[in-house]
1. All but one of (1) touching a helix residue (DSSP H, G or I) at 6+ places or on another chain (Cβ under 7 Å); (2) under 30 Å from His348 (Cβ atoms); (3) of a type outside the set (A, V, I, L, M) hold for Ser171, so report the exception by its number.
2. Looking at region 219-245, which of its residues are crowded, with 18+ Cβ neighbours inside 10 Å and in a loop (DSSP other than H, G, I, E, B)?
3. Mind checking whether some residue in region 363-384 is of a type in the set (S, T, N, Q), over 26 Å from Met269 (Cβ atoms) and either assigned to a loop (DSSP other than H, G, I, E, B) or out of contact with any Pro (no Cβ under 7 Å at 6 or more places or on another chain) (or both)?
4. Pick out the one residue from Ala98, Ala88, Ala80, Ala73 that is in contact with a Leu (Cβ under 8 Å, 6 or more places away or on another chain), over 20 Å from Tyr219 (Cα atoms) and either outside any helix (DSSP H, G or I) or assigned by TED's automatic domain parsing to the domain that holds Asp232 (or both).
5. Name the residues in region 354-367 that are hydrophobic (A, V, I, L, M, F, W, C) and surrounded by fewer than 20 Cβ atoms within 10 Å (Cβ to Cβ), would you?
6. Out of Gly109, Gly133, Gly127, report the one residue that is crowded, with 21+ Cβ neighbours inside 10 Å, farther than 21 Å from Thr230 by Cβ and of a type outside the set (S, T, N, Q).
7. Out of Thr230, Thr248, I need the residue that is of a type in the set (Ser, Thr, Tyr) and farther than 30 Å from Ala354 by Cα. Which one?
8. Any residue at all in region 180-199 that's outside the structural domain of Asp300 (by TED's automatic domain parsing), surrounded by 18 or more Cβ atoms within 10 Å (Cβ to Cβ), within 30 Å of Val332 (Cα to Cα) and touching a Phe, Trp or Tyr at 6+ places or on another chain (Cβ under 7 Å)?
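The values are calculated or read from the model by the stated rules, or taken from the named source; none is laboratory data. Being a predicted model, the structure only gives us computed values, none of them experimental. Here the Cβ is made from the backbone with ideal geometry for all residues, glycine too, and neighbour counts use every protein chain on show.
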Amino acid sequence: MIREASLLCVVVLLAAACATLPVEEPAEEPAEGSAKGPAEGPVKAQAGGEPVGRYRDLASVRAFEQLRSTIDAQFEIVLADAQTEREAAEGMRVLLRALAMVTDTTLDGNPKAPHFARMDTQVRKVGGDNPDGEYDHVTLDNTWDYVIHGNVGTVKHVGFTILGSRQNGRSPAIGYLNERTLGADQNGDFEIYLTKQPVDHPNWIDTRGGISSILVRQYIGDRDAEVLATYDIEVVGREPYEDIPYSTDAEIAKGIASAAYGFRFITMMHRTIMPELFERPNTFNRANSGDLGADISSKDNLYMFGSYQVDEDEALIIETDPLDVRYWNLAVESRWHESVDYLSRRTHRSLDHAVLDSDGKLRFVLAHGRTPHPNWLDTGGHREGFLTFRWVGEREDDTPLPEIIRIKRSEVARVLDERRGGMR
């Protein structure tokens, strides 16, 4: 059972040896009645160490204080839930990566001047993402009308999930378009209109009931051979460099609050998305997008979430019947739902990087390092973690679950031969 939860630039931390630098003495506090304004000189600390609270009642300041509390709470949760020293250390990094992601996508989102922001980056792969995917997010609101111009490229799958106003913490989908329904022309170009008044265009999305954001997914089979989709968004009727209102205290506060909300979700996924899988390791559960919610899943996707547990002298054979779909992918994740070293290790495979066995089955061998099977996968040094299968396209929702067989690593060749029925 999936518990309720709300839901991808390299973060470089430059640590300075501050202890070796001279420390400035605080400036004297101006005398009562002094004309010295708030912008002049540093803020003097009170005896208890608290800064003078001239702006502490601002909504943005209160929201930031709540964000600090959320970070502290998630810090304690990660430390409590980590099972190894490595998991604890990587958990600290996940906290920062999640914070960087929500800063890019939520806090820096401006509905008055919208832009698509990358959720994932080459190294920031948190939130149970697909290493063979690209994710973009744009923050919107119902004050404005928008139009998207784009090109579908040649990727296996691109999907636009348009989300309405948040209800009870979750955002429902008010529209969905993919590579088959975008109606791209012969050059691959398309448009999407997001307006309150009807537009004579097949890709018109009615936003009269509210709009909050769009999540775009691209799934790639072979990055060396495929061309990514491209897209941008603009406010309808706005001229280039036209003045827009400055962000208000309330708007910045809303962005900070949304960032805190997203940060907590990402760093709680190990507790909210099928945590019971760790109680019965090396099994899979099935989840459709309707089970997860449109704000964190794709309408086209059938998900199969699993967990793995494997020692250094062991291996896992993951076996399933391949589905006749447009795209599929299997990814290995850490306890924190972070893609495992995908740039330097084979920790994920898509339909373009896997082969069927001689009996028509789709099999993978997961272990600590390479094994003699074409569909080998590497744990990246983790004894435990999550697995995510994505199947994209028309299929039955009750398809059989993959099977995981835990064996000694030395027995891989023999057991594979037996599973194939002696067929090579």
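1. Evaluating Ser171 over (1) touching a helix residue (DSSP H, G or I) at 6+ places or on another chain (Cβ under 7 Å); (2) under 30 Å from His348 (Cβ atoms); (3) of a type outside the set (A, V, I, L, M) leaves (1) as the failure.
2. Correct list: Ile220, Gly221, Ala229.
3. For region 363-384, residues of a type in the set (S, T, N, Q), over 26 Å from Met269 (Cβ atoms) and either assigned to a loop (DSSP other than H, G, I, E, B) or out of contact with any Pro (no Cβ under 7 Å at 6 or more places or on another chain) (or both): present.
4. Ala88
5. Once the filter is applied, which keeps residues that are hydrophobic (A, V, I, L, M, F, W, C) and surrounded by fewer than 20 Cβ atoms within 10 Å (Cβ to Cβ), region 354-367 yields Ala354, Val355, Leu356.
6. Result: Gly127 is the single residue among Gly109, Gly133, Gly127 that is crowded, with 21+ Cβ neighbours inside 10 Å, farther than 21 Å from Thr230 by Cβ and of a type outside the set (S, T, N, Q).
7. Exactly one of Thr230, Thr248 is of a type in the set (Ser, Thr, Tyr) and farther than 30 Å from Ala354 by Cα, namely Thr248.
8. No, that holds for no residue.
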